[in-house]
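Encoded as structure tokens, the structure appears first; notes follow it.
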Amino acid sequence: MRILAVTRATVVRIARDRGALFFMVLLPVAIIVVIGVTVRGFDQFRVGVVAAADAGPVTRDLVTTLTDDPALRTHVYPDQSTARTALRRSETDAVVVVPATLDRQAAGPGTVTLPILVAPSATNAQAAVAAVESAVADHAGRVQAARFTVAETGGAFDSRLGLAARTAAATPSVSVTQRTVNGQSSYLPLGYSYSTPTMLVLFVFINAVSNGASIVQNRQSGVYSRALAAPVGAGTLVLGETLAYLSLALVQSALIVSVGALAFGVSWGAPAAALALVGVWALVGTGAGLLAGALFRTPEQVHSIGPAVGITLGMLGGCMWPLAIVPAWLRAAGHVVPQSWAVDSWTELLSRHGGLHAVLGYLVILTAYAAGLLLLATLALRRRLASVG
Amino acid sequence: MATPQAAQTIRPQQDAEPLLDCSKLVRRFGSRTAVDGVSLDVAPGETYGLLGPNGAGKTTTIKIVCGLLEADSGTVRVAGLPVRAAPGPAKRLIGYVPQEVALYPDLTVRENLLFFGRLYRLPRRRLERRVEEVLELIDLTARGEDRVDSLSGGMRRRLNIGAGLVHSPTLLVLDEPTVGVDPQSRHAIMESVRRFGDQGMAVIYTTHYMEEAERLCDRVGIIDHGSLIAEGTPRELVALVAEKDQVQLVASGDLTRYAEACRALPEVEGADVDRSDEGTVHAVVRDARSLLPRLLDLAHANRVQIRSVEIVEPDLEAVFLHLTGTALRE
Ligand SMILES: Nc1ncnc2c1ncn2[C@@H]1O[C@H](COP(=O)(O)OP(=O)(O)OP(=O)(O)O)[C@@H](O)[C@H]1O
Ligand SMILES: [Mg+2]
């Protein structure tokens, strides 16, 4: 009951702080939206398309195929010269130039040639071309199916192409299966599935550290000292604060996970594993928050230094960009901070659909971080409390 | 200044078992001895004032009493229970009001009282009833739902005291409850301290306001440099200087040096500048009438202009000057 009195006071105080609520709930969601919308993946190739505006169904189907391909980030250019400029400026990896005669050629016999422009210096060019080829092969399959149908049963090519497209959409797609098997394993999925778990990791930590200000305040105001004059030990105070910080981190996590699942369609992977991960990460945050509360001298220090530390650790740990794209030494350095292990775990759950056993190793490491931080924080805080008298 | 009051005859039960019993407390900080062998006891219903200048060791003594600081040696017992060895039962009896306001600024008045009450495991019903009583007592019932940071300084001081009362302590420990409070609030605080004594609560209370100690306390201990240098009822203490005269010189010039020069005279027991009343030198002397010309000569020699001289009845201020040679400082 005395422990809960401490917990309650801290939770009420922080819940009453509008600023804290903004940083705990609104800001993370806002940033999830911004990043979710802008970050369309680090494993996509940027492909430009130039096509006649008044082209027929085959051209339209090809452009749609390229645009909808999850491996490609497609931009349609109005004409070839604009596309070439973009290529020269490295704004795109390759440009597909759809011949104006594509529809006519596709309906007739012979081979159709589809030129792809690449810049000689572009490192991604070959891979981009390969990705385009696989998308085009898809499209070509449908065109052939349409022609086959026309030849066998008659009818208009256009309507047969539509039929082929619908049939293809209803049939499990070979290329989609391949993507899963090859597994872009070093990356989280794209869009909100990228931004939500990374921001969960980033913000739960930052907010927990910022909440450390309330502990510094209690140390300064003499509330702890006074509480210790009651039949209450330092351990009770530390435990009460631990519970408060843990509950706050868990509530915040629950909010972000729910918003991600309900509003942004994030699928969080195996529930048991996701739950364990959220719990352990909340403990890591709790430990860091208590430590901040024990180490800093003024609440202002916590508010100015805490978030900066949190953001730096987030960058190092792969919350801002995937560690797969940074140099190996930086990736190794990043794995000094707990954030990297949390992001790795979410990648495992969301991209590779691993279960509890797949992230067990990560969970053990994160638990060790949480235990270490909590231990350090408890010792530091108990020492502080011993000398407040 | 107020004269010693007669209230002492009504309340204290000095022959009863002491509620608070401190014996030979010593506490050092590095090479500095903050508390140097303090022994004192407070009877149930008694109000005890610990009077001393800044840095005398009042807060250190209070913190040892409340079990917040460990003494290097000596013991504290509350109702016979050791505060340090088995703190729980002893601490339950103590209500501690720290020198600085120690409250949650962003919780309401009521929430603060509830919080401190919960630390003593009061059952819910009783806690709620006590909180209402305390609110009444500190005259903050109307402000119960207001956040502490919206209260005036004096109200915060009152709540600071209230937070030490929720669990109905038998020993109330107040560390300078009236410091930095306007005269009106100060009066209210002193009134409530008096009432606690009347209710049978033992009160130990530190201050460096002489007149407060004289008015409120059944007994006063004078502490300086960590040691109790005198103890007794205000009347007994003043009797120590009954044969002496207290001289108040209103003057201008380098008064600090002048007070020093006065102290050098063998007939002067103590002299110092009154910090609360800029431009006044207090001196405790033997036979003021015959010494006066020499004090004036000394003023002349130190280029101090004397504007008025008054010989007043000795009070605790005089006692302090007599005992230490210098004044209590604010
Ligand atoms: N935590 C500490 N560390 C070092 N020295 C301390 C500590 N607390 C008190 N002291 C020293 O002990 C002496 C007594 O301090 P204390 O606070 O008990 O005085 P006080 O009588 O309460 O003074 P005031 O009227 O200013 O409140 C002072 O010299 C002070 O500097
Ligand atoms: Mg003090």
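The residues in region A:248-268 that are over 13 Å from the mean Cα position of the chain (by Cα) and crowded, with 17+ Cβ neighbours inside 10 Å can be counted, and the count is 6. Report, by residue number, each residue of region B:27-68 that is away from ligand 1 (no atom under 11 Å from the Cβ), in a strand (DSSP E or B) and not hydroxyl-bearing (Ser, Thr, Tyr). Within region B:27-68, B:GLY37, B:LEU40, B:ASP41, B:VAL42, B:GLY49 meet the criteria. Checking every residue in region A:132-140 against the condition of being more than 30 Å from A:GLY318 (Cα to Cα), free of Cβ contacts under 8 Å to residues at least 12 places away in the same chain and of a type in the set (Asp, Glu) gives at least one match. Restrict the check to region B:151-159 and report whether at least one residue is open to solvent by 10 Å² or more (accessible area, probe 1.4 Å), within 16 Å of ligand 2 (Cβ to nearest atom) and within 14 Å of another protein chain (Cβ to nearest Cβ). Yes, region B:151-159 has at least one match.
Considering only residues in region A:228-237 that are closer than 30 Å to A:VAL280 by Cα, in a helix (DSSP H, G or I) and aliphatic (A, V, I, L, M), the one that is farthest from the other protein chains (Cβ to nearest Cβ) turns out to be A:ALA234. Restricting attention to region B:104-123 and to residues that are open to solvent by less than 20 Å² (accessible area, probe 1.4 Å), within 7 Å of chain A (Cβ to nearest Cβ) and not in a helix (DSSP H, G or I), the residue that is nearest to B:ARG158 (Cα to Cα) turns out to be B:TYR104. A count restricted to region A:296-339 and to residues that are closer than 21 Å to A:GLY36 by Cβ and in a helix (DSSP H, G or I) stands at 8. Only one of the numbered conditions (1) within 14 Å of another protein chain (Cβ to nearest Cβ); (2) of a type in the set (S, T, N, Q); (3) over 13 Å from B:ILE204 (Cα atoms) is violated by B:THR61, and that is (3).
Yes or no, residue by residue, for (1) of a type in the set (Asp, Glu); (2) surrounded by 20 or more Cβ atoms within 10 Å (Cβ to Cβ); (3) away from ligand 1 (no atom under 16 Å from the Cβ):
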site	(1), (2), (3)
B:GLY180	no, no, no
B:PRO183	no, no, yes
B:ILE189	no, yes, yes
B:ARG194	no, no, yes
B:ASP198	yes, no, yes
B:MET201	no, yes, yes
B:GLU211	yes, no, yes
B:GLU214	yes, yes, yes
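Out of B:ARG84, B:ARG92, B:ARG77, one residue alone is more than 14 Å from ligand 2 (Cβ to nearest atom), part of a loop (DSSP other than H, G, I, E, B) and either more than 17 Å from B:ASP175 (Cα to Cα) or within 21 Å of the chain's Cα centre (by Cα) (or both). It is B:ARG84.
Quick check on B:GLU128: is it open to solvent by 60 Å² or more (accessible area, probe 1.4 Å) and farther than 25 Å from A:LEU237 by Cα? When the stated conditions are applied, B:GLU128 does not pass them. Quick one: is B:GLU17 surrounded by 17 or more Cβ atoms within 10 Å (Cβ to Cβ), away from chain A (no Cβ under 11 Å) and of a type in the set (D, E, K, R)? Here the answer is no, as B:GLU17 does not meet what is asked. Checked against (1) in contact with a Pro (Cβ under 7 Å, 6 or more places away or on another chain); (2) closer than 25 Å to B:ASP287 by Cα; (3) buried (at least 20 other Cβ atoms within 10 Å of the Cβ), B:LEU237 meets all criteria but (1). For B:ASN54, the conditions (1) more than 10 Å from chain A (Cβ to nearest Cβ); (2) open to solvent by less than 40 Å² (accessible area, probe 1.4 Å); (3) on the phi < 0 side of the Ramachandran plot; (4) within 16 Å of ligand 2 (Cβ to nearest atom) are fulfilled apart from (2).
Only one entry of A:ALA151, A:ALA156, A:ALA128 meets the criterion of being modelled with pLDDT under 85 and surrounded by 15 or more Cβ atoms within 10 Å (Cβ to Cβ), and that entry is A:ALA128.
The rows are residues; the columns are (1) in contact with an Asp or Glu (Cβ under 8 Å, 6 or more places away or on another chain); (2) more than 16 Å from ligand 2 (Cβ to nearest atom); (3) more than 27 Å from B:GLU17 (Cβ to Cβ).
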position	(1), (2), (3)
B:SER168	no, yes, no
B:LEU174	no, no, no
B:GLY180	no, no, yes
B:GLN184	no, yes, yes
B:GLU191	no, yes, yes
B:HIS208	yes, no, yes
B:GLU212	no, no, yes
B:ASP224	no, no, yes
B:LEU228	no, no, no
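Could you go through region B:279-302 and let me know if any residue there is in a strand (DSSP E or B), surrounded by fewer than 19 Cβ atoms within 10 Å (Cβ to Cβ) and touching a Gly at 6+ places or on another chain (Cβ under 7 Å). Looking for residues that are in a strand (DSSP E or B), surrounded by fewer than 19 Cβ atoms within 10 Å (Cβ to Cβ) and touching a Gly at 6+ places or on another chain (Cβ under 7 Å), one finds none in region B:279-302, hence no.
The number of residues in region B:78-99 being in contact (Cβ under 8 Å) with a residue 12 or more places away in the chain and either of a type in the set (Ser, Thr, Tyr) or more than 7 Å from chain A (Cβ to nearest Cβ) (or both) comes to 12.
Summed over region B:216-234, residues that are of a type in the set (A, V, I, L, M, F, W, C) and surrounded by fewer than 18 Cβ atoms within 10 Å (Cβ to Cβ) total 1. From the list A:GLY240, A:GLY289, A:GLY285, the lone residue that is modelled with pLDDT of 95 or more, within 13 Å of chain B (Cβ to nearest Cβ), open to solvent by less than 20 Å² (accessible area, probe 1.4 Å) and in a helix (DSSP H, G or I) is A:GLY240.
Yes or no, residue by residue, for (1) at pLDDT below 85; (2) buried (at least 17 other Cβ atoms within 10 Å of the Cβ):
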| position | (1), (2) |
| --- | --- |
| A:ALA5 | no, yes |
| A:LEU27 | no, no |
| A:ALA30 | no, no |
| A:PRO57 | yes, yes |
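For region B:74-91, check the following and say yes or no: at least one residue is within 13 Å of ligand 1 (Cβ to nearest atom) and surrounded by fewer than 23 Cβ atoms within 10 Å (Cβ to Cβ). No, every residue in region B:74-91 fails to be within 13 Å of ligand 1 (Cβ to nearest atom) and surrounded by fewer than 23 Cβ atoms within 10 Å (Cβ to Cβ). Out of region B:124-145, which residues are farther than 30 Å from B:PRO89 by Cα and within 14 Å of chain A (Cβ to nearest Cβ)? Selection gives B:GLU145 alone. Residues of region B:139-150 that are open to solvent by 10 Å² or more (accessible area, probe 1.4 Å) and not in a helix (DSSP H, G or I): B:ASP139, B:GLU145, B:ASP146, B:ARG147.
The values are calculated or read from the model by the stated rules, or taken from the named source; none is laboratory data. Predicted model, so just to flag it, every value in this text is computed and none were measured. Positions of Cβ are backbone-derived with ideal geometry, glycine not excepted, and every protein chain shown enters the neighbour counts. Accessible surface is based on the protein model in full, side chains and every heavy atom, while ligands, DNA and RNA are left aside. Shrake-Rupley method; radii C 1.70, N 1.55, O 1.52, S 1.80 Å.
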